[in-house]
Amino acid sequence: MDALSRPAVVIDNGTGYTKMGFAGNVEPCFITPTVVAVNDSFSSSGQPAARGAPARGNWLAQHSAGVMADLDFYIGEEALARSRASTSHSLSYPIRNGQVENWDTMERFWQQCIFNYLRCDPEDHYFLLTESPLTAPETREYTGEIMFETFNVPGLYIAVQPVLALAAGYTTTKCEMTGVVVDVGDGATHIVPVADGYVIGSSIRSIPITGKDVTQFVHQLLKERGENIPPEESFDVARRIKEMYCYTSSDIVKEFNKHDREPSKYVKHWTGIKPKTGAKYTCDIGYERFLGPEIFFNPEIYNNDFTTPLQVVIDKCIQSSPIDTRRALYKNIVLSGGSTMFKDFHRRLQRDLKKIVDARVRASNSRLISGDTKAQPIEVNVVSHPIQRYAVWFGGSVLASTAEFYEACHTKAEYEEYGASICRSNPVFKGMY
Amino acid sequence: MILLQSPSRFLLQILQDRVLSGEKGIDIDCHTVEFDDVRYHIQFSMRNPKVMVLSVALPLPPPEAILYDGLPLGAIEAIKAAYGPVVQILDPPKDGFDLTMKINLTKLPLDEEQRNAILTQIASIREVVLGAPLKLLLKHLASKAVAPNVDKLVALVHRPNESFFLAPQADKVTIVYPMRFQDSIDIVLATSFLQEFVEARRTAALNNVPSCMWSPAPPLELKGVSADALNANAGFVTFVVYPRHVEGKKLDRTVWNLLTFHAYVSYHVKCSEGFMHTRMRRRVESLIQALDQAKSDAEKLKKLVHGGSFKRLSLKNEVDSRF
């Protein structure tokens with residue numbers, strides 16, 4: 001049995017969560033927070049050990065100080081638990097805003113993903129990794145270098161996240177590789193138009209409002225109301241409140257009224273245990289349930305620097321795309337990423353976008369003199385599917401289970417012949433535009 | 001996380017989710033692969049949400065290892081002993097797999113601790129099945145007797161098409177691993193890792209562990225084994241296990257560690273490569289820093305002027321320069 005007959009490993013490293021599993025499955029095996037807890041004593045004592053050549057005599061000293069500590073780290077939930085329990089480990093988030101920041105911890109994160117979570121031998125499997133559409137070629141090279149040099153993978157494909165998100169819809173509905181992907185992750189929000197599988201690079205938009213900002217906003221609202229939450233885990237609680245209770249409203253004023261009329265129905269409660277004292281505490285969750293996701297549609301309630309609503313950005317993005325693709329793009333707007341999971345998010349987005357488009361059609365029709373052909377109404381369709389949270393991973397799983405995948409991969413032989421530069425470019429950017 | 005754990009994380013997660021999820025169930029049908037080509041196929045059907053059908057495929061056996069109905073010696077008995085009524089073996093196994101079991105989650109003990117113990121045990125199915133013959137031999141060692149009707153040299157499946165060898169005696173068992181690696185860098189790293197491994201054994205703190213040897217040529221115990229099974233590019237590792245290493249609770253751990261020795265070495269080779277990269281990165285950073293410091297003042301100034309050119313574009317500067 002060789003690597004071609006085994007399923008490929010698909011790892012989608014997001015800013016907040018990493019989704020990993022084997023190709024051909026419907027769900028990823030693990031969804032863990034992208035976080036590494038590193039032992040601090042290592043980073044300080046490791047420095048001198050790295051300088052001088054290790055002498056044989058102080059083997060035991062090194063053994064206790066540095067050499068063993070290179071395995072003294074945890075990832076995912078274990079890392080969070082570890083850093084809460086003791087002060088010897090500090091958390092490090094290797095990915096910031098969709099880009100890898102810390103390659104040391106990233107390499108370790110992958111190492112644990114492969115050996116301790118998926119428990120596979122990297123030499124046995126092809127790998128599919130993902131990257132955001134704005135990743136620099138150097139980053140891609142670096143990824144290739146780590147994968148081929150450290151893990152000896154037989155083949156690697158670095159896919160672009162929005163294309164995979166589109167491919168995820170490919171199987172569930174119809175064969176459509178044209179559409180706008182609205183990818184709202186924890187650390188980055190991108191709006192990427194794709195035509196026939198090729199990314200229209202010049203029209204990619206990204207906005208500085210992400211899942212983390214929703215958490216921050218919920219956190220801020222809770223704090224301003226003076227809810228009784230221990231400060232050391234208040235951000236974590238805000239994140240969980242966001243994940244469990246937040247929803248999108250159709251009209252804020254109506255929603256405020258609803259809450260005020262029947263607080264017992266809409267106000268939820270959160271119960272937790274203080275980590276230091278072990279005492280129980282409760283707090284109320286009120287308006288933030290619908291105000292959190294509202295920052296995508298009315299950003300001015302959150303910050304003053306960026307006030308363009310999501311639907312306007314999407315509209316601008318489509319308007320800047322080639323004119324013959326626009327109708328198809330409006331017809332297929334695909335959501336992906338964990339922060340689009342709020343209830344009714346797609347309905348709200350569709351309604352707001354439709355309003356803008358209809359207004360424009362009406363305006364252009366009113367300018368016509370009688371006798372001219374009227375513009376046909378434009379179909380706006382925001383697609384939502386149940387696997388939205390890991391749509392990118394699922395797309396990767398679908399892609400990696402086809403036979404063509406193995407041909408598109410960069411192989412180890414190629415890497416050894418040409419070097420890391422083979423990973424520099426991705427064919428989906430070299431489209432017809 | 002220096003050692004690889006015996007229970008499969010994924011299996012355990014699915015089992016625990018399912019036990020806690022209550023009555024309603026969804027279809028699950030997924031495949032996963034573990035190191036050394038152990039494949040799992042997990043199925044839950046909507047109709048029977050509390051019954052899991054688990055199929056396991058084992059690594060391709062090398063010609064010198066002896067199997068019974070596609071399973072290692074004593075595997076069936078080991079499964080029955082480990083799981084009791086919870087697990088029912090289906091015969092024949094599913095196409096392409098070596099073992100299919102039906103796990104009835106309603107028959108789990110109600111006590112949470114016991115239940116978790118047995119779930120972990122199910123997740124370590126690999127250890128139970130592949131480790132069965134090894135466990136049998138080591139049990140005999142613990143009672144200081146040679147197992148009846150056992151050859152002088154036993155070959156057991158280690159990896160696909162590779163085996164490791166045991167020479168059982170009344171008071172000790174000698175275990176020999178031919179180590180093979182694909183990549184040339186891995187061979188070098190693994191060889192030095194193993195030599196260091198033997199070296200580490202000599203320190204005073206580790207006096208009671210099994211003695212361990214490494215040699216580039218096959219040791220004497222392997223006399224008479226076919227040449228195919230003996231071409232190892234990273235040498236041979238020999239462990240001598242005494243009864244004190246397999247007493248009571250130590251037995252399971254010893255079996256697992258011996259069973260996955262290659263995976264352990266390979267894991268650490270990869271880890272040390274990662275560690276070296278970390279150090280290389282740090283070195284490059286410090287070199288760049290040194291280069292930056294060595295720059296003459298003129299060069300630094302040039303950079304500043306370059307940065308300043310940005311400023312010249314502003315309106316205010318333009319007005320200034322006009323006067």
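The values are calculated or read from the model by the stated rules, or taken from the named source; none is laboratory data. Keep in mind that this is a model prediction, so the values were computed, not measured. Because the Cβ atoms are built from the backbone with ideal geometry, glycine has one as well, and the counts that use them run over all protein chains shown. Ligands, DNA and RNA are stripped out before the accessible areas are found, and what is left, the full protein with its side chains, is counted by its heavy atoms. Shrake-Rupley method; radii C 1.70, N 1.55, O 1.52, S 1.80 Å.
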Problem - Pairwise burial A:B, computed as accessible area of each alone minus the pair, summed, 1.4 Å, Å² - result: 4000 Å²
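Looking at the stretch B:63-157, which chymotrypsin sites (Phe, Trp or Tyr not before Pro) are in a loop (DSSP not H, G, I, E or B) and have at most 12 other Cβ atoms within 10 Å?
Here no chymotrypsin sites (Phe, Trp or Tyr not before Pro) fit, given the DSSP loop and packing criteria.
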Problem - Carbon plus sulfur fraction of accessible area for the stretch B:117-226, probe 1.4 Å, in percent - result: 58 percent
Handout entry: the protein assembly as shown, accessible area per residue, ligands and nucleic acids excluded (1.4 Å, Å²)
Key = 49 Å²
Exercise for the section: Stick to the Cα atoms of the stretch A:245-355, pair each with every other, and give me the Kirkwood hydrodynamic radius in Å at one decimal. Expected result: 16.5 Å
Problem - Cβ-derived FRET efficiency at R0 22 Å, A:Val253 paired with A:Lys355, nearest 0.05 - result: 0.85
Problem - Size-normalised alpha-carbon gyration radius of the stretch A:121-262, reference 2.2 N^0.38 Å - result: 1.42
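Hey, what's the Kirkwood Rh for the stretch A:385-433 if you take every pair of different alpha carbons, in angstrom?
After inverting the mean inverse Cα-Cα distance, the result is 13.1 Å.
Based on DSSP H runs of at least 4 residues, each adding -39500 (n - 2.57), what is the mean residue ellipticity at 222 nm of chain A after dividing by all its residues, to the nearest 500 deg cm²/dmol?
Values: 17 runs with 165 residues, N = 433.
Here the helix-only value at 222 nm equals -11000 deg cm²/dmol.
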Practice task
Compute the long axis of helix B:184-201 from its Cα atoms, compare it with the longest principal axis of the Cα atoms of chain B, and write down the angle in degrees, 0 to 90, nearest 10.
Solution key: 70 degrees
Exercise for the section: Using only alpha carbon positions, build the gyration tensor of the stretch B:9-272, then give the equivalent ellipsoid semi-axes as the square roots of 5 times its eigenvalues, largest first, whole angstrom. Expected result: 35, 20, 19
Exercise for the section: Using only Cα atoms, locate the centre of the stretch A:209-285 and the centre of the stretch A:117-132, then give the distance between them in Å, rounded to an integer. Expected result: 37 Å
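Taking the Cα centre of the protein assembly as shown as the origin, how large is its charge dipole in debye, to the nearest 20, when only Lys and Arg (+1) and Asp and Glu (-1) carry charge on their Cβ atoms?
For the protein assembly as shown, the charge dipole is close to 1720 debye.
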Handout entry: Summed side-chain charge close to B:His277 - residues other than B:His277 whose Cβ falls under 13 Å, Lys, Arg +1, Asp, Glu -1
Key = -1
Fill in the blank from the handout: Among the Cα-Cα pairs of the stretch B:1-114, the proportion with separation greater than 18 Å, in percent, is 56 percent
Problem - For chain A, share of DSSP beta bridges that run antiparallel, in % to the nearest 5 - result: 70 percent
Practice task
Compute the distance in nm between two label points, each set 7 Å from the Cα along the Cα-to-Cβ direction, one at B:Leu230 and one at B:Val284.
Solution key: 4.5 nm
Completion exercise
Rh_Kirkwood(the stretch A:211-295) over Cα pairs, Å, one decimal, evaluates to 13.2 Å
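Do the sum for chain B: with -39,500 (n - 2.57) for every DSSP H run of n ≥ 4, divided by all residues, what is the mean residue ellipticity at 222 nm, to the nearest 500 deg cm²/dmol?
-13000 deg cm²/dmol
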Practice task
Let me know the volume per residue of the alpha-carbon convex hull for the protein assembly as shown, in Å³.
Solution key: 239 Å³
Problem - Occluded residues from the stretch A:146-163, i.e. those whose accessible area drops by 30 Å² or more once the chain is not alone (1.4 Å probe) - result: A:Glu149, A:Thr150, A:Asn152
Handout entry: Cα-based Rg of chain A normalised by 2.2 N^0.38 Å, two decimals
Key = 1.10
Exercise for the section: Determine the gain in length on full extension of the stretch A:Ser401-A:Glu262; use 0.36 nm per residue of separation and subtract their C-alpha separation, reporting nm with one decimal. Expected result: 45.0 nm
Exercise for the section: Using protein chains only (no ligands, no nucleic acids) and a 1.4 Å probe, work out which residues of the stretch B:247-284 have their accessible area cut by at least 40 Å² relative to the chain alone. Expected result: B:Tyr267, B:Lys270, B:Cys271, B:Phe275, B:His277, B:Thr278, B:Arg279, B:Arg281, B:Arg282
Exercise for the section: Would you work out the relative contact order for the stretch A:211-295, in percent, from Cα pairs under 8 angstrom that are 6 or more residues apart? Expected result: 39 percent
Exercise for the section: Any chance you could list P(r) for the stretch A:318-433, counting all Cα-Cα pairs in 10 angstrom bins from zero, rounded to whole %? Expected result: 10, 25, 28, 20, 11, 5, 1
Practice task
Count neighbours as other Cβ atoms within 10 Å of each site's Cβ, and list the trypsin sites (Lys or Arg not before Pro) in the stretch B:1-78 that are DSSP loop with at most 13 such neighbours.
Solution key: B:Lys24, B:Arg47
Completion exercise
Candidates A:Val392, A:Val267, A:Val153; GNM for chain A (alpha-carbon contacts under 10 Å) flags as most fluctuating A:Val267
Practice task
With a/c under 1.5 counting as rounded, go ahead and sort the stretch A:107-202 into rounded, prolate or oblate using the C-alpha gyration tensor (a ≥ b ≥ c being the square roots of the eigenvalues; past the cut-off, prolate if a/b is larger than b/c, else oblate).
Solution key: prolate
Problem - Positions from the stretch B:1-22 whose accessible area shrinks by 40 Å² or more when the full protein complex is built, not the chain alone, probe 1.4 Å - result: B:Met1, B:Ile2, B:Arg9, B:Phe10
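I'd like the carbon and sulfur percentage of the solvent accessible area for the stretch A:211-295, probe radius 1.4 Å, heavy atoms only, ligands and nucleic acids excluded.
Of the solvent-accessible surface of the stretch A:211-295, carbon and sulfur hold 52 percent.
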Exercise for the section: Mind checking the stretch A:178-283 for trypsin sites (Lys or Arg not before Pro) that DSSP puts in a loop (not H, G, I, E or B) and that have at most 15 other Cβ atoms within 10 Å? Expected result: A:Arg225, A:Lys276
Completion exercise
Listed by chain and number, the lysines with an alpha carbon less than 24 angstrom from that of B:Lys172, same-chain partners under 8 positions apart left out, are B:Lys135, B:Lys139, B:Lys144, B:Lys152, B:Lys223, B:Lys249, B:Lys250
